[in-house]
Amino acid sequence: MIRPKSLLTLLVLAFSLTLVGQGAPKVEARALDKDSKTKVVEEISKALIDQYVFLDVAQKCAARIRSKLGAGAFDGITDSTAFATALTEELQGISKDKHMRVRVIRDRRD
C-alpha cells in the first residue's frame, strides 16, 4: 500500500495530470506536447517504482507506459483528459488495481 506522504508524491505529477480519487471536477482539457507526455510518464514511472507496494507490478507498469510512449501509442493524443484515460487503462491493465488512475485536475493558480 502507498503511504500517505508517498501518495502525495504520486498525486503531484507534471503538467496538470494527477492521480486523484473519484469525484474530481470535470475541467477543460489542456493541450500536451511530446515533451510534456514524456515527463508525465517518467514521473509516474519513478513514483510507482519508488513507492508502490508491489515492486514487480510497479516495474511492469512503468515498462508498459514507457514502451507505449516510445512506440508512439500516445502520439495522437493531444489533450490531457484523453492522455489521463489512456494511462489509466494501461496501468490498470497491468496492475489490476482499479484504484490506480490518472485524472486531470485544474491547477488552482489558473
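The values are calculated or read from the model by the stated rules, or taken from the named source; none is laboratory data. Every value quoted in this text rests on a predicted model; they were computed, and no experiment measured them. As a convention, Cβ positions derive from the backbone with ideal geometry for all residues, glycine included, and neighbour counts pool all protein chains shown.
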Restricting attention to the range 63-80, and to residues there that are part of a loop (DSSP other than H, G, I, E, B) and farther than 15 Å from residue 33 by Cβ, which single residue is farthest from the chain's Cα centre (by Cα)? 71
Scan the range 18-37 and tell me whether some residue there is modelled with pLDDT of 90 or more, of a type in the set (Asp, Glu) and surrounded by 12 or more Cβ atoms within 10 Å (Cβ to Cβ). no
From the set of residues in the range 50-62 that are more than 13 Å from the chain's Cα centre (by Cα) and either in a helix (DSSP H, G or I) or of a type in the set (Lys, Arg) (or both), which is surrounded by the fewest Cβ atoms within 10 Å (Cβ to Cβ)? 56
Pairing a residue in the range 81-93 that is within 15 Å of residue 33 (Cβ to Cβ) and modelled with pLDDT of 95 or more with any residue that is of a type in the set (A, V, I, L, M, F, W, C) and assigned to a helix (DSSP H, G or I), where Cβ atoms lie under 9 Å and the two sit 6 or more apart in sequence or on different chains, gives 83/40
For the range 74-105, which residues satisfy the criterion of being charged (D, E, K, R) and surrounded by 15 or more Cβ atoms within 10 Å (Cβ to Cβ)? 90, 101, 103
Answer with yes or no whether residue 41 is touching a residue at least 12 places away in the same chain (Cβ under 8 Å), surrounded by 21 or more Cβ atoms within 10 Å (Cβ to Cβ) and on the phi < 0 side of the Ramachandran plot. yes
